[in-house]
Amino acid sequence: MAQTPAPSGPARRKKLRAPAASAPSATPMAPQAHYNTVRAAFEAFRQSEPEPKGELDHVNAYTLLVAVALSAQATDVGVNRATRALFATVDTPQKMLDLGEEGLIGHIKTIGLFRNKAKNVIKLSRILVEEYGGEVPSSRAALQSLPGVGRKTANVVLNMWWRIPAQAVDTHIFRVGNRTGLCPGRDVDAVERAIEDNIPAEYQLHAHHWMILHGRYICKARKPDCGRCIIRDYCAFEEKTA
Ligand code: SF4
């Protein structure tokens with residue numbers, strides 16, 4: 001992904017706009033908040049929910065990998081609806097190969113891009129069986145070598161299954177990080193670096209879920225619910241709602 005350096009000096013103090021390719025809703029980009037502000041905000045998240053959980057249903061590392069791969073440009077609710085029956089019987093790469101591409105399509109055709117996703121799931125299942133003994137590898141490089149698995153998918157699996165503080169920046173994290181100034185960046189790679197560079201170590205593991213859930217339910221794209229926001233005092237967004 002193309003990298004655009006973050007502004008420095010006076011430009012950094014202005015209210016900036018991220019490029020449309022990275023920020024469909026023209027997310028305002030606040031300057032990076034001070035360490036103490038970032039710390040206070042994440043402590044508020046921790047007090048509110050010490051162990052935040054992802055919302056994609058899965059029963060093991062393999063079904064988590066498949067669910068995350070299916071969730072690109074789809075909602076977690078929609079993926080869960082499709083995978084409920086699937087994962088009840090198909091929970092290993094070999095069982096997925098036995099089901100076959102057409103059988104898988106029968107389960108996931110309500111999910112966007114289902115044909116391409118079905119192809120990738122079958123291909124990655126074959127690779128897991130042939131090269132990894134049917135197990136899901138636990139390194140980012142090995143995960144990203146699988147068909148249809150990008151850095152974001154790999155980071156979700158590393159974070160949720162192996163509890164490695166990997167940051168998968170989605171549209172919610174991108175928006176929250178930039179509006180608040182907790183971890184701003186012009187594109188998802190820059191926000192990922194801002195999280196790693198600026199969020200204190202003890203909050204790194206759960207930063208991903210705290211921000212996703214906050215963006216999904218409180219700091220919503222069209223109308224943030226600032227009146228119910230637990231990090232309002234630490235947020236730099238200039239257009240807070242009542
Ligand atoms: S105060 Fe409003 S804009 Fe800031 S994080 Fe909370 S909901 Fe989002």
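Charges were assigned to the Cβ only: +1 to each Lys and Arg, -1 to each Asp and Glu. The resulting dipole of the range 184-242 about its Cα centre is roughly 460 debye. Distance between the pseudo-spin-label points of ASP57 and ARG163 (7 Å out from Cα toward the beta carbon): 2.5 nm. Using a Gaussian network model of the chain in which every pair of alpha carbons under 10 angstrom is joined by a spring, one finds that among ALA40, ALA61, ALA166 the greatest mean-square fluctuation is at ALA40. Approximating the spin labels as points 7 Å out from Cα along Cα→Cβ, the VAL77-to-SER48 distance works out to 2.0 nm. Annotation: for a label point projected 7 angstrom from Cα along Cα→Cβ of GLU135, residues of the range 58-91 with backbone N closer than 15 Å are 61-62.
Remark: the ASP197-ILE230 segment gains 9.6 nm on full extension, using 0.36 nm per residue and subtracting the alpha carbon distance. Summing Lys and Arg as +1 and Asp and Glu as -1 over all other residues whose Cβ lies under 12 Å from the Cβ of GLU102 gives a net charge of +2.
Averaging 1/r over every pair of different alpha carbons in the range 61-162 and inverting the result gives a Kirkwood radius of 13.3 Å. Take the Cα radius of gyration of the chain and divide it by 2.2 N^0.38 Å, N being the number of residues; the result is 1.07. For the range 156-206, the fraction of C-alpha pairs farther apart than 18 angstrom is 24 percent.
Residue exposure proxy: VAL38, VAL129, ordered by other Cβ atoms within 10 angstrom of their Cβ from fewest to most, comes out as VAL129, VAL38. Report the net charge of residues surrounding ASP233, where surrounding means a beta-carbon distance below 12 angstrom and charges are Lys +1, Arg +1, Asp -1, Glu -1. Neighbourhood net charge equals +1.
Summing +1 for each Lys or Arg and -1 for each Asp or Glu among the other residues whose beta-carbon sits under 11 angstrom from that of VAL149 gives +4. Using every pair of separate Cα atoms, the Kirkwood estimate puts the hydrodynamic radius of the range 126-229 at 14.6 angstrom. Given R₀ = 25 Å, FRET efficiency for ARG115-LYS220 by Cβ-Cβ distance, to 0.05? Computed FRET efficiency for ARG115 and LYS220 comes out at 0.20.
Throughout, read-outs are computed from the coordinates displayed, never taken from laboratory work. Note that the structure is predicted; figures quoted are calculated from it, not measured. Positions of Cβ are generated from backbone atoms using ideal geometry, with glycine treated the same way; all protein chains shown enter the neighbour counts.
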